[in-house]
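Notes follow the structure.
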Amino acid sequence: MRSTSRGKIGRLIRGVAVGALALTLMAAGVAGFLLFTLTGNAWLDQIAQVGNDVAFQVEGVETRFDQIGDSLELRVEQAIPEAVRPFFD
């Protein structure tokens with residue numbers, strides 16, 4: 001079998017296309033790696049700050065619920081007559 005010039009040119013064009021695709025994918029990977037490593041810390045800091053803010057808000061809500069529960073418990077204790085209180089202890 002003889003190799004024609006048309007087959008060689010086709011293989012050459014296919015090789016150049018595959019090489020260009022490979023280089024493009026490698027460049028995209030390197031660019032993505034650099035983007036996430038250089039700016040990733042800033043994003044992580046922002047996410048951590050939002051997490052801390054949410055945690056503080058939840059803590060405030062829990063404290064408020066505890067205050068409401070304590071107030072309600074105090075009201076119920078005061079509503080129970082003095083003669084009946086020993087049965088609830």
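Let me spell out the model: positive unit charges on the Cβ of Lys and Arg, negative unit charges on the Cβ of Asp and Glu, origin at the Cα centre of the chain. What dipole size does that give, in debye rounded to 20?
2120
Rounded to the nearest 10 Å², what accessible area does T63 show when all protein chains are kept and the probe is 1.4 Å?
My reading of the accessible area for T63 is about 70 Å².
Gaussian network model of the chain, Cα springs within a sub-10 Å range: biggest mean-square fluctuation belongs to which of L44, L23, L12?
Checking each option, the largest mean-square fluctuation is seen for L12.
Debye calculation, C-alpha points only, no solvent: report log10 I(q)/I(0) for the chain at q = 0.12, 0.17, 0.23, 0.25 Å⁻¹, in the same order as the q values.
Scattering profile of the chain, log10 relative to I(0): -0.74, -0.91, -1.07, -1.12.
Answer with one residue from V30, Q49, I9: the one whose Cα lies farthest towards the positive end of the charge dipole of the chain, charges on Cβ with Lys, Arg +1 and Asp, Glu -1.
The listed residue farthest towards the positive side: I9.
Could you list the square roots of 5 times each eigenvalue of the Cα gyration tensor of the stretch 42-89, that is, the equivalent ellipsoid semi-axes, sorted largest first and rounded to whole Å?
So the three semi-axes of the stretch 42-89 are 44, 8, 4 Å.
How much of the accessible area of the stretch 28-89, in percent, comes from carbon and sulfur atoms when a 1.4 Å probe is used?
It is 65 percent, rounded to a whole number.
Can you give the helix-only mean residue ellipticity at 222 nm for the chain, where every DSSP H stretch with n ≥ 4 adds -39500 (n - 2.57) and the sum goes over all residues, rounded to the nearest 500 deg cm²/dmol? Intermediate values should be presented prior to the final figure.
Details: 1 runs with 75 residues, N = 89.
Calculated mean residue ellipticity at 222 nm is -32000 deg cm²/dmol.
How much of the calculated P(r) for the stretch 4-50 lies past 14 Å, in percent of all Cα pairs? Intermediate values should be presented prior to the final figure.
Numbers: 735 of 1081 pairs.
I get 68 percent for the Cα pairs in the stretch 4-50 exceeding 14 Å.
The values are calculated or read from the model by the stated rules, or taken from the named source; none is laboratory data. In this text, all values refer to a predicted model and were calculated from it rather than measured experimentally. A quick note on method: Cβ atoms are made from the backbone with ideal geometry, for glycine too, and the neighbour counts reach across all protein chains shown. Side chains are part of the model used for accessible areas, which takes the heavy atoms of the whole protein and leaves out ligands, DNA and RNA. Shrake-Rupley method; radii C 1.70, N 1.55, O 1.52, S 1.80 Å.
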